[in-house]
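Enquirer: Take a look at this one; I'll ask things after.
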Amino acid sequence: MAPVSDSEFEELVRSALDELPSDVLDDLKNVAIVVSDRGVEHHAYGLYSGKTVKRQNIAANQAFVADQISIFRDTLVRDFGREPDRLRAEVRRVVRHEVAHHLGFDEAGVRRLGL
């Protein structure tokens, strides 16, 4: 398989987001979705940083904190890039995993969701 281009990988992320229900997409309207090559540094496929939806509602009067979901292209392509269907499935799983964190699920809760 030829290496996955940046635009092809970004399309995988967009497709995974497009599959989410509209109410979840509404919850993501102020969340930056970033494709990054810092996965090796973080030992991860994705990372959520910010306040969960629940914490945002509690802390509505506090200073703005940017929410961000990072999807790490380098580690995903390294581990799954030779199998296009597997890469697509893993990107989808990682996107959903990080979105679940934004919605308030801790790591145990995300795992119970099968993500």
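The values are calculated or read from the model by the stated rules, or taken from the named source; none is laboratory data. Since the structure is predicted, the reported quantities are computational estimates derived from the model, not experimental observations. Ideal geometry is used to build each Cβ from the backbone, glycine not excepted, and the neighbour counts take in all protein chains shown.
Enquirer: Select from the stretch 26-51 the residues that are touching a residue at least 60 places away in the same chain (Cβ under 8 Å) and more than 18 Å from Glu10 (Cβ to Cβ) and list them in ascending order.
Expert: Scanning the stretch 26-51 gives a single hit, Asp27.
Enquirer: Just the residues that are aliphatic (A, V, I, L, M) and either on the phi > 0 side of the Ramachandran plot or not in a helix (DSSP H, G or I) (or both), please, taken from the stretch 32-52. Show your work before the answer.
Expert: Of the stretch 32-52, the ones aliphatic (A, V, I, L, M) are 32-35, 40, 44, 47.
Within the stretch 32-52, Ala32, Ile33, Val34, Val35, Ala44, Leu47 qualify.
Enquirer: Within the stretch 85-103, can one find any residue that is among the acidic types (Asp, Glu) and under 21 Å from Asn30 (Cα atoms)?
Expert: Step one: list which residues in the stretch 85-103 are among the acidic types (Asp, Glu), which gives 85, 90, 98.
Filter again for under 21 Å from Asn30 (Cα atoms), leaving 98.
The answer is yes, given that some residue of the stretch 85-103 is among the acidic types (Asp, Glu) and under 21 Å from Asn30 (Cα atoms).
Enquirer: Just a yes or no: is a residue in the stretch 63-82 β-branched (Val, Ile, Thr), outside any helix (DSSP H, G or I), surrounded by fewer than 14 Cβ atoms within 10 Å (Cβ to Cβ) and at pLDDT below 95? Outline the logic, then answer.
Expert: So the first thing to find is which residues in the stretch 63-82 are β-branched (Val, Ile, Thr), and the list is 65, 69, 71, 75, 77.
Checking the rest, the ones that are also outside any helix (DSSP H, G or I) come to 65, 69, 71.
Imposing the further condition that a residue be surrounded by fewer than 14 Cβ atoms within 10 Å (Cβ to Cβ) reduces the set to 65.
Subsequent filtering for residues that are at pLDDT below 95 retains 65.
Looking through the stretch 63-82, at least one residue is β-branched (Val, Ile, Thr), outside any helix (DSSP H, G or I), surrounded by fewer than 14 Cβ atoms within 10 Å (Cβ to Cβ) and at pLDDT below 95.
Enquirer: Would you confirm, using the coordinates I've provided, whether Arg55 is out of contact with any His (no Cβ under 7 Å at 6 or more places or on another chain), at pLDDT 95 or above, surrounded by 12 or more Cβ atoms within 10 Å (Cβ to Cβ) and not hydrophobic (A, V, I, L, M, F, W, C)?
Expert: Values: out of contact with any His (no Cβ under 7 Å at 6 or more places or on another chain): yes; at pLDDT 95 or above: no; surrounded by 12 or more Cβ atoms within 10 Å (Cβ to Cβ): yes; not hydrophobic (A, V, I, L, M, F, W, C): yes.
The answer is no for Arg55.
Enquirer: Then there is this: Being among the small types (Gly, Ala, Ser) and either within 22 Å of Arg82 (Cα to Cα) or surrounded by 11 or more Cβ atoms within 10 Å (Cβ to Cβ) (or both) is the filter here, so list the residues in the stretch 1-25 that pass it.
Expert: Within the stretch 1-25, Ala2, Ser5, Ser7, Ser15, Ala16 meet the criteria.
Enquirer: Further, regarding this structure: Test Val24 against the criterion of being modelled with pLDDT of 95 or more, within 19 Å of Val110 (Cβ to Cβ), not acidic (Asp, Glu) and not in a loop (DSSP other than H, G, I, E, B), and give yes or no. Let's see the steps before the verdict.
Expert: Numbers: modelled with pLDDT of 95 or more: no; within 19 Å of Val110 (Cβ to Cβ): yes; not acidic (Asp, Glu): yes; not in a loop (DSSP other than H, G, I, E, B): yes.
No: the conditions fail for Val24.
Enquirer: Something else now. Which one is surrounded by the fewest Cβ atoms within 10 Å (Cβ to Cβ) among residues in the stretch 83-107 that are touching a Ser or Thr at 6+ places or on another chain (Cβ under 9 Å) and either within 15 Å of Glu8 (Cβ to Cβ) or basic (Lys, Arg) (or both)?
Expert: Among residues in the stretch 83-107 that are touching a Ser or Thr at 6+ places or on another chain (Cβ under 9 Å) and either within 15 Å of Glu8 (Cβ to Cβ) or basic (Lys, Arg) (or both), the one surrounded by the fewest Cβ atoms within 10 Å (Cβ to Cβ) is Arg88.
Enquirer: Hey, can you tell me all the residues within the stretch 26-36 that are surrounded by 13 or more Cβ atoms within 10 Å (Cβ to Cβ) and either of a type in the set (A, V, I, L, M, F, W, C) or farther than 15 Å from His97 by Cα (or both)?
Expert: Once the filter is applied, which keeps residues that are surrounded by 13 or more Cβ atoms within 10 Å (Cβ to Cβ) and either of a type in the set (A, V, I, L, M, F, W, C) or farther than 15 Å from His97 by Cα (or both), the stretch 26-36 yields Leu28, Val31, Ile33, Val34, Val35, Ser36.
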